[in-house]
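Scroll down for the structure; my scribbles are underneath it.
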Amino acid sequence: QVQLVESGGGLVQAGGSLSLSCAASGNIFLIYDMGWYRQAPGKQRELVATITRGGVTNYADSVKGRFTISRDNAKKMAYLQMNNLKPEDTAVYYCNADLSSGSALLDLRRSEYWGRGTQVTVSS
């Protein structure tokens, strides 16, 4: 079964940095887009950044210039480098992947998957 597992969350002071990682595992044939989303208490889940297979990125205005998304297709991993963190960045950060998987080439299925999230807390 396909799994996405985030790591790297934690507590950091405003102005600090954190690096998040997302590891995809299972019978994955091909990963299309990957992304990072976040959800703060009482708020809707929002897009943070996305990256295509070819490395084309897109960022929410709120994080542009501070966060960098990247990926390693060979390792089936995505990353989010977060710099100059602000208290409003506090949220659970989720990894998302659009991918094809299956136990046989003739039975591949394309679906979106989510990790369980990692907590990022930015204190003032």
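The values are calculated or read from the model by the stated rules, or taken from the named source; none is laboratory data. Model, not experiment: these values are computed from the prediction. Here the Cβ is made from the backbone with ideal geometry for all residues, glycine too, and neighbour counts use every protein chain on show. When the accessible area is computed, the model is the full protein with side chains, heavy atoms only, and any ligands, DNA or RNA have been set aside. Shrake-Rupley method; radii C 1.70, N 1.55, O 1.52, S 1.80 Å.
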Exercise. Taking residue 105 and the conditions (1) in contact with a strand residue (DSSP E or B) (Cβ under 9 Å, 6 or more places away or on another chain); (2) surrounded by fewer than 12 Cβ atoms within 10 Å (Cβ to Cβ); (3) modelled with pLDDT of 95 or more, which numbered condition does it fall short on, given that it satisfies the others?
Worked result: (3)
For this session: Mind listing whichever residues of the range 115-124 are assigned to a strand (DSSP E or B) and of a type outside the set (A, V, I, L, M)?
Result: 118, 119, 121, 123
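Quick check on the range 56-65. Is at least one of its residues surrounded by 21 or more Cβ atoms within 10 Å (Cβ to Cβ), over 13 Å from the mean Cα position of the chain (by Cα) and within 21 Å of residue 116 (Cβ to Cβ)?
As a first pass, look at the range 56-65 and keep what is surrounded by 21 or more Cβ atoms within 10 Å (Cβ to Cβ): 63.
Next cut, over 13 Å from the mean Cα position of the chain (by Cα) only: 63.
Narrowing further to those that are within 21 Å of residue 116 (Cβ to Cβ): none.
No, because not a single residue in the range 56-65 is surrounded by 21 or more Cβ atoms within 10 Å (Cβ to Cβ), over 13 Å from the mean Cα position of the chain (by Cα) and within 21 Å of residue 116 (Cβ to Cβ).
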Seminar exercise, completed: All-but-one check, residue 25 against (1) open to solvent by less than 20 Å² (accessible area, probe 1.4 Å); (2) under 17 Å from residue 5 (Cβ atoms); (3) out of contact with any Gly (no Cβ under 7 Å at 6 or more places or on another chain); (4) among the small types (Gly, Ala, Ser), failing number (1)
Problem set entry | The listed residue being open to solvent by 30 Å² or more (accessible area, probe 1.4 Å) and touching a residue at least 60 places away in the same chain (Cβ under 8 Å), out of 73, 96, 83 | 83
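Restricting the search to the range 28-49, which residues are buried (at least 19 other Cβ atoms within 10 Å of the Cβ) and either free of Cβ contacts under 8 Å to residues at least 24 places away in the same chain or small (Gly, Ala, Ser) (or both)? Spell out the reasoning first.
Kept after step one, since they are buried (at least 19 other Cβ atoms within 10 Å of the Cβ), are these residues of the range 28-49: 31, 34-38, 48-49.
Across the range 28-49, the qualifying residues are 35, 49.
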